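Notes follow the structure.
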Amino acid sequence: MMEQVYFIIDGKELILDKVLVEFDETPVFFVCKNKKDYFIGLNIDLDEERYILTRISLRGLSKMLHGKITMRELMLHSDKYWEIMAEEEPGEDIIYEKSIEEIPLTVLPYEGAYLKIATKDLEAYIEEIDANLYGEDGWENEAVQACMQCIEELTRSLSDQLEIMIQQVCENVIKDMKIRACCDYHDGDYSKEVCKTKVEIKKACSKTNVKLRDHKSFPYAA
Amino acid sequence: MKDNNYLKFPSVIRDKLCNGEFAFPAHTQFAYDPILAYRGIRRDENDFTAVSRKDFESHAERKIRRRGINQKDPHYFGVSLFQHKESLENALNLPRPNKKIAVGNVYAEAGPAEVNGSTGHVCWWLYDNVDINGFSICER
């Protein structure tokens with residue numbers, strides 16, 4: 001069955017993923033998704049075709065389907081929502097993006113209302129959502145992805161710092177070689193230059209938050 | 001379906017049946033035992049007006065076009081009911097529009113029906129001028 005584009009939000013097509021509640025042959029509480037995110041949609045006016053849409057996490061969706069949070073709580077688990085007046089085609093819809101604080105509570109599912117799962121079809125959907133949420137090792141895919149992102153950022157940061165440090169070491173090696181070339185190999189003059197360079201390196205390393213283990217291992221300490 | 005039965009349908013279905021634009025889905029039943037089912041109907045909180053044929057008009061009869069409704073889909077010409085009351089109780093938890101649940105038997109003499117065992121959804125293609133008196137409003 002061809003996927004049906006239901007809305008276009010921020011230039012991205014949202015397809016209808018699952019009708020959770022139907023009334024008057026119309027989806028009134030349903031799940032939409034794009035390639036990256038899930039959304040919950042609520043038809044707040046059948047005749048005028050007005051909708052409220054909020055972005056949700058897979059974890060939140062799973063919680064609602066398992067009866068751990070209410071339909072209203074799922075919708076409010078966001079910092080913003082979209083109010084949509086549907087036109088002939090999704091691309092023509094009139095869409096307003098608003099802060100979640102502005103959401104009219106009177107049109108939301110009643111407080112304390114949990115979604116009842118009455119059919120095999122919805123039970124199968126719960127399994128599908130849980131399979132997407134949890135990887136084969138039992139970890140939440142969203143959490144794993146967040147950790148991976150942190151690790152990538154940390155690696156990038158360390159890599160940048162290491163690059164700076166290496167660059168400075170190289171510069172100091174070159175400086176040292178110049179000193180050797182320019183100075184008489186009189187202990188006093190050469191030692192002064194070495195000490196001065198060591199101080200400069202320490203200052204540079206402290207900026208990159210790198211601790212020196214053993215300065216004797218640096219070339220100019222020979 | 002017997003040839004003369006198509007005359008019993010509302011004109012929106014009858015005309016399309018005649019010119020081949022409309023075909024019932026493969027699992028449609030024309031002879032079946034009564035099916036207990038529930039339908040969501042629009043009623044204000046203190047309105048207990050009896051259920052009538054008007055509560056069972058299809059989108060095609062009302063000439064409604066809505067997002068997600070395919071006018072070439074045969075279900076556009078039928079009405080939805082559910083075998084599980086809980087499916088409609090979820091709708092009662094959504095404020096708009098004001099609604100109630102009607103319960104009764106879907107029966108063959110009033111029109112063919114299709115049942116989806118997985119979703120509990122029943123699509124009923126009602127003949128014109130049929131008796132819906134067997135349906136009543138559920139108490140919440």
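Of all residues in the range B:90-108, which are charged (D, E, K, R) and either touching a residue at least 24 places away in the same chain (Cβ under 8 Å) or closer than 15 Å to residue B:123 by Cα (or both)? Of everything in the range B:90-108, those that are charged (D, E, K, R) and either touching a residue at least 24 places away in the same chain (Cβ under 8 Å) or closer than 15 Å to residue B:123 by Cα (or both) turn out to be B:99, B:100. Scanning the range A:9-24 for residues that are open to solvent by less than 20 Å² (accessible area, probe 1.4 Å) and within 11 Å of chain B (Cβ to nearest Cβ) yields a count of 4. Scanning the range A:65-74 finds no residues that are in a strand (DSSP E or B) and within 11 Å of another protein chain (Cβ to nearest Cβ). Look at residue A:35 and say whether it is open to solvent by 10 Å² or more (accessible area, probe 1.4 Å), free of Cβ contacts under 8 Å to residues at least 12 places away in the same chain, farther than 23 Å from residue B:120 by Cα and more than 14 Å from chain B (Cβ to nearest Cβ). No. Does residue A:179 qualify as being modelled with pLDDT under 85, open to solvent by less than 80 Å² (accessible area, probe 1.4 Å) and in contact with a Ser or Thr (Cβ under 9 Å, 6 or more places away or on another chain)? In short, yes.
Screening residue B:94 on (1) at the interface with chain A (Cβ under 8 Å from one of its Cβ atoms); (2) open to solvent by 50 Å² or more (accessible area, probe 1.4 Å); (3) within 28 Å of residue A:105 (Cα to Cα) shows it passes everything except condition (2).
Looking at A:97, A:87, just one residue is assigned by TED's automatic domain parsing to the domain that holds residue A:42, assigned to a loop (DSSP other than H, G, I, E, B) and open to solvent by 70 Å² or more (accessible area, probe 1.4 Å), and that residue is A:87. Answer yes if at least one residue in the range B:43-57 is at the interface with chain A (Cβ under 10 Å from one of its Cβ atoms), at pLDDT below 95 and over 10 Å from the mean Cα position of the chain (by Cα), and no otherwise. So far as the range B:43-57 goes, no, none of its residues is at the interface with chain A (Cβ under 10 Å from one of its Cβ atoms), at pLDDT below 95 and over 10 Å from the mean Cα position of the chain (by Cα). The set of residues in the range A:11-46 that are of a type in the set (D, E, K, R) and out of contact with any Phe, Trp or Tyr (no Cβ under 9 Å at 6 or more places or on another chain) comprises A:12, A:24, A:35, A:36, A:37. Among the residues of the range A:106-156 satisfying the criterion of being in contact with a Ser or Thr (Cβ under 7 Å, 6 or more places away or on another chain) and more than 14 Å from every other protein chain (Cβ to nearest Cβ), which is modelled with the lowest pLDDT? For the range A:106-156, the residue satisfying everything is A:142.
For residue A:78, the stated conditions hold: it is more than 9 Å from chain B (Cβ to nearest Cβ), closer than 27 Å to residue B:99 by Cβ and of a type in the set (Gly, Ala, Ser). Taking the range B:47-140 and the strands (runs of 3 or more DSSP E) fully enclosed by it, the elements with 2 or more residues that are closer than 20 Å to residue B:22 by Cβ are at B:79-82, B:113-116, B:121-124. Residues satisfying the criterion are absent from the range A:42-52 (criterion: outside any loop (DSSP other than H, G, I, E, B), of a type in the set (A, V, I, L, M, F, W, C), away from chain B (no Cβ under 14 Å) and open to solvent by less than 40 Å² (accessible area, probe 1.4 Å)).
Look at (1) of a type in the set (Asp, Glu); (2) in contact (Cβ under 8 Å) with a residue 24 or more places away in the chain; (3) facing chain A (nearest Cβ under 7 Å) and you find that residue B:114 fails only one, number (3).
The values are calculated or read from the model by the stated rules, or taken from the named source; none is laboratory data. Source: prediction; values computed, not measured. Positions of Cβ are generated from backbone atoms using ideal geometry, with glycine treated the same way; all protein chains shown enter the neighbour counts. Just so you know, the surface numbers come from the protein's heavy atoms only, side chains and all, with ligands and any DNA or RNA stripped out. Shrake-Rupley method; radii C 1.70, N 1.55, O 1.52, S 1.80 Å.
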